[in-house]
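Note sheet for the following structure.
The values are calculated or read from the model by the stated rules, or taken from the named source; none is laboratory data. Everything numeric in this text was worked out from a predicted model, so none of it was measured. Here Cβ is always computed from backbone atoms with ideal geometry, including for glycine, and neighbour counts include all displayed protein chains. Keep in mind that these areas ignore ligands, DNA and RNA; they rest on the heavy atoms of the full protein, side chains included. Shrake-Rupley method; radii C 1.70, N 1.55, O 1.52, S 1.80 Å.
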Amino acid sequence: MRVILFFLAATLLALPLQAQPEQGIAVIVNDSIITYFDVHSSVAPAVEALERQYRDQPAELDKKLKSLQRDRVKDLVEQKLILAEFSRAGYNLPESMIEDEVQKRIRDNYSDRLTLTKTLQAQGVTYESFRKRIHEEIVVAAMRQKYVSQELIISPHKVEVYYEQHQADFKVDDQVRLRMIVLNKPKEGADTAKELVQEILRKLEAGAPFAEMASVYSDAAQRTQGGDWGWRDRSVLRKELADVAFSLNAGQRSGAIETADAYWIMQVEEKRVARTKPLSEVRDDIEKTLGVQERARLQEQWINRLKDKSFVRYF
């Protein structure tokens, strides 16, 4: 029988995190409790980031902190509900699976068990608590996989309807597909870079392949792709580069373009005028979007069913 008592006290939603009694109970879920300390611990890294981002916007910071806390309380409640369902259903998690995950995390994050132990001690966390957390994470992930994340089939009709209703999302501006050679200006010896760019231009005039010149001379990461920068909108290029790129026709090459920090040579491979991407080009992205939405809907339905047979009380 569903027993849900929604008592959201002002200290949970209205007061700043520091004002709440950390050892007080925030929520009871069946026979488990979630303390304010649990909530504060789980949001601490995000709180620090928000405080840096919105340090000059106190009202917005307060809004973001309250939203963060509400979301985290919701997540913790759902976790407790899922763990209770796992236990209620009589499932068991092999100890070997937990140990394998512990060893994996030691290899990935701590190098050895001694480093793990010292790190946990510095954080005031026991090894048993660390292991329990891993156990719970595996259980929650497995239960979500079983009840929510099964493979979904998104019908072509749904994809088409979404495409028609979100035409604005698939509009793109004029685009050019560019290859570029970039020569960074050294702090000293700028004349050397200027001489090199002129030498490259002479070789290009003599018929040297642009991709080959880019792979040999360019300082940009794209040199490994022969200087291929792919399709670019005007808005993502520096103005001095965009002005030149969009004045060239497909197959044309620029001269040396000097900016404060580098010399650039560009070649336009293809051009596309502003357009709406066809369905064939965005079908995969739409299917992924609809898949995320459908999994969120299934998740909500499942959690609501768990609440129907659980006791949840907010303080």
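Given 203/239; 66/288; 239/271; 171/239; 158/277; 104/132, which pairs have Cα atoms separated by over 25 Å?
Beyond 25 Å between Cα atoms: 203/239; 66/288.
Using per-residue counts of other Cβ atoms within 10 Å, averaged over each peptide, order 71-83, 297-309 from highest down. If you can, show how the numbers build up before the last one.
Values: 71-83: 18.6, 297-309: 14.7.
For the peptides 71-83, 297-309, the packing ranking is 71-83, 297-309.
In the range 101-208, which trypsin sites (Lys or Arg not before Pro) fall in coil by DSSP and have 12 or fewer other Cβ atoms within 10 Å? Please report the intermediate quantities before stating the final value.
Values: sites: 104, 105, 107, 113, 118, 131, 132, 133, 144, 146, 158, 171, 177, 179, 187, 194, 202, 203; in loops: 187.
Sites meeting the loop and neighbour criteria: 187.
Using a 1.4 Å probe over the heavy atoms of the protein chains, calculate the carbon and sulfur portion of the accessible area of the range 26-139 as a whole percent.
Answer for the range 26-139 is 50 percent, counting heavy atoms of protein chains only.
When the C-alpha atoms of the chain are aligned to their principal axes, what extent does each axis show, in angstrom, from largest down?
On the principal axes, the chain reaches 81, 54, 47 Å in Cα extent.
Let's see if you can work this out: charge +1 on each Lys and Arg Cβ, -1 on each Asp and Glu Cβ, no other charges. What is the dipole magnitude of the range 63-169 about its Cα centre, in debye to the nearest 20?
Numbers: 19 positive and 17 negative charges, 131 e Å.
Result for the range 63-169 is approximately 620 debye, rounded to the nearest 20.
Please state the charge dipole magnitude for the chain, taken about the Cα centre, from unit charges on C-beta atoms (+1 on K and R, -1 on D and E), reported in debye and rounded to the nearest 20.
Working: 48 positive and 49 negative charges, 150 e Å.
With Lys and Arg at +1 and Asp and Glu at -1, about 720 debye.
On average, how much accessible surface per residue is there in the range 109-186, in Å², for a 1.4 Å probe, leaving out ligands, DNA and RNA? Intermediate values should be presented prior to the final figure.
Values: 4860 Å² over 78 residues.
Here the per-residue accessible area is 62 Å².
Placing +1 at every Lys and Arg Cβ and -1 at every Asp and Glu Cβ, with all other atoms neutral, what dipole size does the range 138-192 have around its Cα centre, in debye to the nearest 20? Could you put the intermediate results ahead of the total?
On the way: 8 positive and 8 negative charges, 60 e Å.
With Lys and Arg at +1 and Asp and Glu at -1, about 280 debye.
Which of the peptides 159-168, 49-58 is most tightly packed, and how do the rest follow, judged by the mean count of other Cβ atoms within 10 Å per residue? The partial results should precede the final answer.
Numbers: 159-168: 12.9, 49-58: 11.4.
Sorting 159-168, 49-58 by mean packing, highest first, produces 159-168, 49-58.
So what is the diffusion coefficient of the range 88-167 in µm² per second by Stokes-Einstein at 20 °C and 1.002 mPa s, using a Kirkwood Rh over Cα pairs? Mind showing how you got there, number by number?
On the way: Rh = 16.0 Å.
It comes out at roughly 134 µm²/s.
For the chain, what does the helix formula give at 222 nm: sum of -39500 (n - 2.57) over DSSP H segments with n ≥ 4, over the residue count, nearest 500 deg cm²/dmol? Walk me through the numbers before you get to the answer.
Values: 11 runs with 167 residues, N = 315.
Helices in the chain give a 222 nm mean residue ellipticity of -17500 deg cm²/dmol.
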